[in-house]
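Enquirer: Could you have a look at this structure, given as structure tokens, before my questions?
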């Protein structure tokens with residue numbers, strides 16, 4: 001898998017608690033619909049779990065994510081930013 005191979009080279013940190021992930025999609029043009037582009041996050045998250053960067057991609061560990069869409073004809077890419085977040089409170093009233 002290309003995602004796992006690239007992430008292995010970058011040696012990302014390991015996150016053991018909840019995180020928020022931002023995906024910045026830099027496409028060469030605007031031809032693909034945003035939902036078709038962002039669909040790839042599933043494969044990225046699975047690769048991060050497989051590498052041990054995240055323990056799981058459930059809501060316990062991934063509290064949310066955001067997508068940004070950009071056009072870069074010269075250097076299409078995906079930039080994944082992982083930020084630690086406080087644990088979610090599950091108390092009820």
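Enquirer: Taking the stated definitions as given, is residue 58 modelled with pLDDT of 95 or more and surrounded by fewer than 14 Cβ atoms within 10 Å (Cβ to Cβ)?
Expert: Answer is yes for this residue.
Enquirer: Quick check: is even one residue across region 17-36 modelled with pLDDT under 95 and outside any helix (DSSP H, G or I)?
Expert: The answer is yes, given that some residue of region 17-36 is modelled with pLDDT under 95 and outside any helix (DSSP H, G or I).
Enquirer: Let me ask something else. Within region 39-46, is there a residue that is at pLDDT 90 or above and in a loop (DSSP other than H, G, I, E, B)?
Expert: Looking for residues that are at pLDDT 90 or above and in a loop (DSSP other than H, G, I, E, B), one finds at least one in region 39-46, hence yes.
Enquirer: Just to be sure I understand the filter: pairs with C-beta atoms under 7 Å, separated by 6 or more residues or on different chains, first member in region 54-72 and at negative phi and outside any loop (DSSP other than H, G, I, E, B), second member exposed (fewer than 12 other Cβ atoms within 10 Å of the Cβ) and modelled with pLDDT of 95 or more. Which pairs pass?
Expert: Close Cβ pairs satisfying both conditions: 71/29; 71/30.
Enquirer: When residue 49 is evaluated against the numbered criteria (1) surrounded by 13 or more Cβ atoms within 10 Å (Cβ to Cβ); (2) assigned to a strand (DSSP E or B), which criterion, by number, is the only one it fails?
Expert: (2)
Enquirer: Taking region 62-76, which residues are exposed (fewer than 14 other Cβ atoms within 10 Å of the Cβ) and in contact with a strand residue (DSSP E or B) (Cβ under 8 Å, 6 or more places away or on another chain)?
Expert: 64, 66, 68, 70, 71, 72, 75, 76
Enquirer: Which of the residues that make up region 81-93 are surrounded by 10 or more Cβ atoms within 10 Å (Cβ to Cβ) and either at pLDDT below 90 or touching a helix residue (DSSP H, G or I) at 6+ places or on another chain (Cβ under 6 Å) (or both)?
Expert: Matches in region 81-93: 88 only.
The values are calculated or read from the model by the stated rules, or taken from the named source; none is laboratory data. Note that the structure is a prediction, hence the values are computed from the model and not measured. All Cβ positions, even for glycine, are placed from backbone atoms using ideal geometry, and neighbour counts span all protein chains on display.
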